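Heads up, the thing below is written out as structure tokens.
Quick note: the coordinates plus some simple rules give every number you see, no bench work behind them. The structure displayed is predicted, hence computed values, not measured ones. In this analysis, Cβ positions are derived from the backbone assuming ideal geometry, glycine residues included, and neighbour counts consider all displayed protein chains.
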Amino acid sequence: MSAAQAASGASSGLLLPSGKILAGGRTDLGSLTHKGYFALARYNANGSLDTSFGRKGKIATPLGVHFGAGMNALVRQPDGKIVAGGSSYNGHNFDFALVRYKPSGAVDTSFGHDGKVTTNFFGGDSISGLALQPNGMIVAVGVAGIVGADGNSGNFALARYKANGSLDQSFGSGGKVQTKIGAVSGASSVVLQPDGKIVVAGSGLARYNSDGSLDPSFGSGGIVTTPPGVVASLALEPDGKIVVAGSSILRYLPDGSLDPSFGSGGQVSLTRNFFGKAVLIQPDGKIVVAGRVGGGGGTLAVARLQQDGSLDTGFGSGGMVVTGFGIAYSEANALARTVGGKLLVAGDSGAGKNLIVGRYNSDGSLDPSFGTGGKVTTSFTVCAVPTLKGKKLSGAKLALKNARCSVGKVSGRGRVVSQSRPAGTWLKVGTKVSIRLR
């Protein structure tokens, strides 16, 4: 994908203690750098970009050598540093990838190698969820292997890292754990129980002890096979029950059995092809699920359920809100609740072309004091200045056009020997770049 087609999508989000909002995803500026990127944007409480963060509120961190790399999860440390997880391509395999940022948005070079950590399982590996233990350890979960060792698709993958980014050798085997659940396997989300056990959802459910071993008191040998359909997210209720969402919304008792008091035998299926990608339990016990309606080309949607699984008719229209962001496709991937009880969602629109954030009042109406009518859309599309040295004038002009820049003053003949804007600089789309030839 060329820089002119640069895309970004929010796959994760955080509500910070200051009231500011962090949204993350991916962006591709790969035609110039041949890399994938982690993308971050930080917003003030009113939805405006926080210009004190990164480059006028935005950061893109290069990883690997493939545009498919991107961020899927965020977690905040008590010291304010942010750990982002996703994938990175090394030229042969996709690996687990972590980047740690300082509160300013600068990459924290004290973490891993220059602020970055990659971990290989099979190749085709990617982090989908992160959790921070009280001792500062970072638990990452995702998928290991596009094709697993047994010829089937992937495994649940877990890795635990020390605060400096090194693998915790006391966890699993050398810091890593893999679990096969069915023919198609992979983890999407993780939460930590108060007792330190680790609950992971994806193509099923699994619960692990703090050392990475499966917890035999949960389900069958630590594993629960969920009804058909991928589980994308989960949350813990105060009484230890586990709520998961994906193509259905289900609630499990602490032992892994379905909760018969929820929906129909523990399961709720919403209309309009709803798919939940984030779950939140309100202080009053109501369950908020955010995702999309309408399948793969759908529209961002938020639903709120009562404790028994019935839709809360006091929220939106019959318990659901559907919000378009001006582009054909949008979905929510992250969900948070403000101190005042408003709901924040972060996601992507245009099949990954923009980061989007929405804020809703407690009744499901969009909050007009946030962004524009309750919505914010952020693109990472920029004039990404290319390297022009050595090119003929025609080639330089084409490179600038593809990078969404424009040609400024041209002097001399022959090939480019200098340019007015440094290569790799991000500038406003259409910025003029003057060139000198000899």
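Remarks
- Residue-wise HN-Hα coupling along the stretch 202-215, computed from phi with Karplus coefficients 6.51, -1.76, 1.60 (Hz; x: Gly, Pro): x, 7, x, 10, 9, 10, 10, 6, 5, 8, x, 7, 5, 8
- When its C-alpha radius of gyration is set against 2.2 N^0.38 Å (N residues), the stretch 223-370 gives a value of 0.99.
- Given R0 = 51 Å, the distance between the Cβ atoms of Thr313 and Ser104 translates into a calculated FRET efficiency of 0.70.
- Net charge contributed by nearby residues that have their C-beta within less than 15 Å of Ala106 (K/R +1, D/E -1): +4
- In a DSSP loop and with at most 15 other Cβ atoms within 10 Å, the trypsin sites (Lys or Arg not before Pro) in the stretch 325-428 are Lys389, Arg413, Lys428.
- Size of electric dipole in the chain: Cβ of Lys, Arg +1 and of Asp, Glu -1, about Cα centre, debye, nearest 20: 3140 debye
- Charge-dipole axis of the chain as Lys and Arg at +1 and Asp and Glu at -1 on Cβ define it, positive-most pick from Val416, Ser166, Ser362: Val416
- Charge dipole of the chain about the Cα centre (unit charges at C-beta), most positive-ward option of Val433, Gln193, Gly115: Val433
- The stretch 49-146: equivalent-ellipsoid semi-axes (sqrt of 5 x gyration tensor eigenvalues, Cα, Å): 22, 17, 11
- The mean sequence separation of alpha-carbon pairs under 8 Å and at least six residues apart, normalised by the residue count of the stretch 53-124, gives a relative contact order of 25 percent.
- Projecting label points 7 angstrom from Cα along Cα→Cβ for Asp114 and Thr338 puts them 3.9 nm apart.
- J(HN,Hα) series, the stretch 405-416, from Karplus relation 6.51 cos²θ - 1.76 cosθ + 1.60, nearest Hz, glycine and proline x: 9, 10, 7, x, 5, 10, 10, x, 9, x, 10, 5
- Only Lys, Arg (+1) and Asp, Glu (-1) charged, at Cβ; the stretch 393-437 dipole about Cα centre in debye: 100 debye
- Here the stretch 258-345 is treated as an ellipsoid with the same Cα gyration tensor; its semi-axes, largest first and in whole Å, are 21, 16, 11.
- Mean-position separation - Cα centroids, the stretch 255-325 and the stretch 197-221, in angstrom: 24 Å
- Cross-link pairs Lys116/Lys409; Lys81/Lys197; Lys392/Lys428; Lys58/Lys432; Lys58/Lys116; Lys241/Lys277 - those with Cα-Cα distance over 28 Å: Lys116/Lys409
- DSSP-assigned coil residues among chymotrypsin sites (Phe, Trp or Tyr not before Pro) in the stretch 321-405, each with at most 14 further Cβ atoms within 10 Å: none
- Near Gly309, the amide H atoms lying under 5 Å from its own belong to Gly263; only residues 5 or more places off or on other chains count, and H is placed 1.01 Å from N.
- For the pair Leu192 and Lys56, a Förster radius of 41 Å applied to the C-beta separation gives a FRET efficiency near 0.70, rounded to the nearest 0.05.
- 3J(HN,Hα) from dihedral phi, the stretch 336-343, Karplus parametrisation 6.51/-1.76/1.60, rounded to Hz, x for glycine, proline: 8, 10, 6, 4, x, x, 7, 9
- Among residues other than Glu331 with Cβ under 9 Å from its Cβ, the summed charge is +1 (Lys and Arg +1, Asp and Glu -1).
- Amide H contacts for Ser88 (H built 1.01 Å from N in the peptide plane; partners 5 or more residues away or on another chain; cut-off under 5 Å): Asp95, Ala97.
- Interchain or long-range residues, amide H under 5 Å from Gly364's placed H: Gly316
- Listed candidates (1) 39, 22, 21; (2) 35, 27, 23; (3) 39, 26, 19 - label of the one calculated as semi-axes √(5λ) of the Cα gyration tensor in Å: (3)
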